[in-house]
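K.L.:
I'd like to ask you about the structure that follows.
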Amino acid sequence: MVDFNQIYKMAMDVVNYMISSRGYIEPNTTVCVILTKTGRVFNGVSHNEVHAEVEAVRNMQGFNETAVEAMILVDANSRLALLPCINCIRYIISLNPVNAGAMVNMPDRPVPFQEIMAQNQGAPMMQTPSNRNSAQHAQFQQIPVSATRSSMVVTGRSKSALLSGKVNNLLAAAKEEEESAEDIALMKELTESTQKKKGLLGGLFGKK
């Protein structure tokens, strides 16, 4: 069983990659990392109304994986561990009955899916990323982020979103470089013009 620090670092690798690629993280963004029974790791990033848990599961299914060993969900901005959406847990269990025994890694202990299900019986079927788990933020201590980076898997739409952000950053940098080059050329032109005027005035007033 993977411990909290290991799987938390995997999630933080995704968060740090998002920051280095985009330069920012949108509000209410969450990151989910899933460890399958076969030992493979998949992640997902929330977008629009799609939860990170669902995105991670879609990436997992793309490799014909359905059995979950453990998972973690973190708020990308506060970097706090969260309990997954009850609807996402129901969905994951529906994919494979063995997932009822999967664990959600939290700072204090692994929390079984069954426990979350038992505590949320009768919970509404709809939650959005903007209002989810708000009451749970105060329950868990923020974990320090390691400065080192380890290998990670970025798959599916998560990778597309990150690459799109990186391309936008590169285009912005190229535009700034082009503007800087124009500024330098303009300054050079003004300097040469000023020097010519000084030379002309010196020639006029320097004669006796």
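Each value in this text was obtained by applying a stated rule to the coordinates, not by laboratory testing. Predicted, not measured: the structure shown is a model, and the values here were computed from it. Here Cβ is always computed from backbone atoms with ideal geometry, including for glycine, and neighbour counts include all displayed protein chains.
K.L.:
Please identify the GluC sites (Glu not before Pro) of segment 1-84 that satisfy two criteria: DSSP loop assignment and at most 14 other Cβ atoms within 10 Å. Which are they?
P.N.:
On the way: sites: Glu49, Glu53, Glu55, Glu65, Glu69; in loops: Glu49, Glu65.
Loop-located and lightly packed - Glu49.
K.L.:
With a point put 7 Å past each Cα toward its Cβ, work out how far Phe63 is from Ala100 in nm, to one decimal.
P.N.:
Computed distance between label sites Phe63 and Ala100 equals 2.7 nm.
K.L.:
Continuing with the same structure: Show the residues, 5+ positions off or on another chain, whose built amide H is closer than 5 Å to the amide H of Ala67.
P.N.:
Lys37
K.L.:
Continuing with this model, one more query. Treat every Asp and Glu Cβ in segment 1-115 as -1 and every Lys and Arg Cβ as +1, leave all other atoms uncharged, and give the resulting dipole magnitude about the Cα centre to the nearest 20 debye.
P.N.:
140 debye
K.L.:
Calculate the length of the line joining the C-alpha centroid of segment 1-40 to that of segment 53-100, in whole Å.
P.N.:
12 Å
K.L.:
Still on this structure, please answer the following. What ³J(HN,Hα) values, in whole Hz, does the Karplus curve 6.51 cos²θ - 1.76 cosθ + 1.60 give for segment 24-30 when θ = phi - 60°, with x put for Gly and Pro?
P.N.:
My calculation for segment 24-30 gives 7, 10, 5, x, 6, 6, 10 Hz in order.
K.L.:
Related question: For segment 71-83, in order, what is each residue's ³J(HN,Hα) by Karplus, 6.51 cos²θ - 1.76 cosθ + 1.60 with θ = phi - 60°, in whole Hz (x at glycine and Pro)?
P.N.:
Taking θ as phi minus 60°, the curve returns 8, 9, 10, 10, 7, 5, 8, 7, 6, 8, 6, 10, 7 Hz for segment 71-83.
K.L.:
In whole Hz, with x marking every Gly and Pro, tabulate ³J(HN,Hα) for segment 111-117 from phi via Karplus 6.51 cos²θ - 1.76 cosθ + 1.60, θ = phi - 60°.
P.N.:
10, x, 3, 4, 5, 5, 4
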